[in-house]
1. Could you order B:W108, B:W18 so the one with the most accessible surface comes first? Probe is 1.4 Å.
2. Across peptide A:27-34, how many C-beta atoms of other chains are within 10 Å of each residue C-beta, on average?
3. Near the amide H of A:V110, under 5 Å away, which other amide H atoms are found, from residues 5 or more places off or on another chain, if H is placed in the peptide plane?
4. Could you go through segment A:25-42 in sequence order and give the Karplus-derived ³J(HN,Hα) for each residue, using 6.51 cos²θ - 1.76 cosθ + 1.60 with θ = phi - 60°, rounded to whole Hz, and x for Gly and Pro?
5. Rounded to the nearest whole Å², what accessible area per residue is found for segment B:5-99 with the 1.4 Å probe?
6. Of B:R25, B:R104, which has the most accessible area and how do the rest follow, probe 1.4 Å?
7. Apply 1/(1 + (r/R0)^6) to the Cβ-Cβ distance of B:N82 and A:F60, taking R0 = 35 Å, and write down the FRET efficiency to the nearest 0.05.
8. Quick check on chain B: what are the equivalent-ellipsoid semi-axes from the Cα gyration tensor, as sqrt(5λ), descending, whole Å?
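The values are calculated or read from the model by the stated rules, or taken from the named source; none is laboratory data. As the structure is a computational prediction, the values presented were derived from the model and not from experiment. Using ideal geometry, Cβ is built from the backbone for each residue, glycine included, and neighbour counts are taken over all protein chains shown. Each accessible area value is taken on the protein alone, full model and side chains, heavy atoms only, with ligands, DNA and RNA left out. Shrake-Rupley method; radii C 1.70, N 1.55, O 1.52, S 1.80 Å.
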Amino acid sequence: MVEQKTLTIMLASAPFGNQYADHMCRVALRALDKGHAVEIFLYGDAVHAQMNNQSPKLFFPVGERLKELIGKGAKVYSCEICSVARGYISGQLKPDGKKDYSSTKVMDGVQFTTIFGFVESLARAEKVLSFGGG
Amino acid sequence: MKSCVLLMKVACTEGESWRIGEAIREKGDALFLLGDAVAIGRKEFRGHASSIVSAALNRGAKVSASARDLRARGIEASELHNGIGVVEDIEGDFIDMTMMHADRVIAW
């Protein structure tokens, strides 16, 4: 039995413009297959990977793979500030004072956090990988 | 310290190539070529990044290239430097090295 270790991954490039999201998805899926815990942080333009109803006819199906990752137990976090900037969530507060993360544009299972949440994910990680951003 | 480098790009400056090559110092270290980076495994490749592969091979590190990405780019295994392994499940091998053996991992 493999001792469960956590792999934390930051994705910093949008899907389809290059292959960083493709590579990230494949690596993350294999890590889950091998019994490791996976936490993914979508940062900057990579938050576009969370878009619902993607239909990449000629590209690697990043949206489908991300849903598969979530279904297999990966924790997918998205940068709250980056998502507000790109119109995925409103950035407003609900009447109860909590942040309103509701959105029809974002696939189910994506959780929003700030860069501070990412630092907490780093603290849980055995290893950290970064894909894209350059 | 065991090191593992996952290379996913071809365009590297001379300085970047040197720094990445320096991360792969000895037998037991590993270099994985994924996506566009499989091209730098070619004997005919002349960019700065070719020094990363030659440094790794000369130091006895394990160098692997993605079979899927070679096929996608029309690169035959015979075009690669001797000593580069062509691997179908390169992501699986990378995860094993990263999570179970390497002290340091660089994804570039």
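1. Ranked list, largest accessible area first: B:W18, B:W108.
2. Partner Cβ neighbours, averaged per residue: 5.
3. none
4. So the Karplus estimates, Gly and Pro as x, are 4, 5, 5, 5, 5, 5, 5, 5, 4, 8, x, 8, 7, 10, 10, 10, 10, 8 Hz.
5. Dividing the accessible area of segment B:5-99 by its residue count gives 43 Å².
6. B:R25, B:R104
7. 0.65
8. Equivalent-ellipsoid dimensions as semi-axes: 19, 16, 12 Å.
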